[in-house]
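What follows is a single structure, written as structure tokens, with notes after it.
The values are calculated or read from the model by the stated rules, or taken from the named source; none is laboratory data. Computed from a prediction, not measured in an experiment: that's the story for all the values here. With ideal geometry, Cβ positions are generated from the backbone for all residues, glycine too; neighbour counts draw on all protein chains shown. Just the protein is used for accessible areas: all its heavy atoms, side chains included, with ligands, DNA and RNA removed. Shrake-Rupley method; radii C 1.70, N 1.55, O 1.52, S 1.80 Å.
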Amino acid sequence: MKERAIPALVSLLMISAARASDIASTFHFNPSLSSEANPLVAWWGASAPTLVLINIGTVVAFLLIPLFLYWRYSPAPLATKPATAREFICQQLYGRTLSGAEFHRAMFMAWPLPKNWLQAGRWFGFVITGTMAFASFHAAFSWWAAHEWDLQWYNHLRYRTAIGGYPSLEIISAMTAGIFIAKHYCRMEFESFKRRSAAEADR
């Protein structure tokens, strides 16, 4: 638990600062929310107080609770020692080693569904919290780039990557960051597992 305390605390501080910066930037540049791309506002017409409350509730329910699971619980004990980080995370989530194609489909499409939901919650808590923090910081940057710094090259890139008029550059960058965060999680958990296994073998 102690070795996971710092990563969990850093993730908590990052998501708190990221969501606050995104919401503050939104209200600073668009207090009426007339050009807000968030579907809650663009599609369903949520008001400013509603937007803040939903953001807080979403962060607590879908990020902070899974992040607590990451901090509070250890990886599951394994009957066999995995040779690679991919084998380790497969055994943690599915109880078996997936093929390369199965593994990538599971990571990107969440299929097949995990067998160990506690370990899936731990994975989700760490990876998605980091991904959402990156996405929120990027969204705040986009407000400032467009309305304060007038970064034409960035605005042009954001326009060219829009899908159906909806800005998708933040989504693309967040997905890319999520891949790196997921890889870091796998390596970090696997290295921790190897250290514990070595310590138990020396007893």
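Key figures
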{"item": "Hits in the range 85-111 - residues which are open to solvent by 60 Å² or more (accessible area, probe 1.4 Å), in contact with a helix residue (DSSP H, G or I) (Cβ under 9 Å, 6 or more places away or on another chain) and part of a loop (DSSP other than H, G, I, E, B)", "result": "R96, T97, W111"}
{"item": "Selection count where residues are open to solvent by 80 Å² or more (accessible area, probe 1.4 Å) and either hydroxyl-bearing (S, T, Y) or outside any helix (DSSP H, G or I) (or both), scope the range 154-164", "result": "3"}
{"item": "Evaluation of E102 against (1) more than 19 Å from the chain's Cα centre (by Cα); (2) under 30 Å from D22 (Cβ atoms); (3) among the acidic types (D, E) (one fails), failing number", "result": "(2)"}
{"item": "Residues satisfying the stated conditions in the range 116-132, i.e. open to solvent by less than 20 Å² (accessible area, probe 1.4 Å) and without any contact (Cβ under 8 Å) to a residue 40 or more places away in the chain", "result": "A120"}
{"item": "Residue pairs meeting the criteria (Cβ under 7 Å; at least 6 apart or on separate chains; first without any contact (Cβ under 8 Å) to a residue 24 or more places away in the chain, in the range 138-161; second open to solvent by less than 100 Å² (accessible area, probe 1.4 Å) and among the hydroxyl-bearing types (S, T, Y))", "result": "A145/Y154; R158/S142; T161/S168"}
{"item": "Residue satisfying all of: in the range 67-84; open to solvent by 50 Å² or more (accessible area, probe 1.4 Å), in contact (Cβ under 8 Å) with a residue 40 or more places away in the chain and not β-branched (V, I, T); farthest from S11 (Cα to Cα) among these", "result": "K81"}
{"item": "Test: residue in the range 143-153 that is of a type in the set (F, W, Y), under 13 Å from the mean Cα position of the chain (by Cα) and open to solvent by less than 40 Å² (accessible area, probe 1.4 Å)", "result": "no"}
{"item": "Check on A177, open to solvent by less than 20 Å² (accessible area, probe 1.4 Å), assigned to a helix (DSSP H, G or I) and free of Cβ contacts under 8 Å to residues at least 40 places away in the same chain", "result": "no"}
{"item": "Which numbered condition G57 misses (of (1) open to solvent by less than 50 Å² (accessible area, probe 1.4 Å); (2) out of contact with any helix residue (DSSP H, G or I) (no Cβ under 9 Å at 6 or more places or on another chain); (3) farther than 30 Å from D22 by Cα; (4) not aromatic (F, W, Y))", "result": "(3)"}
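The rows are residues; the columns are (1) over 17 Å from the mean Cα position of the chain (by Cα); (2) at pLDDT 90 or above; (3) open to solvent by 70 Å² or more (accessible area, probe 1.4 Å); (4) among the charged types (D, E, K, R).
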site: F134; (1), (2), (3), (4): no, yes, yes, no
site: H138; (1), (2), (3), (4): no, yes, no, no
site: Y166; (1), (2), (3), (4): yes, no, yes, no
site: C186; (1), (2), (3), (4): no, yes, no, no
site: F190; (1), (2), (3), (4): yes, yes, no, no
site: K194; (1), (2), (3), (4): yes, no, yes, yes
site: A198; (1), (2), (3), (4): yes, no, no, no
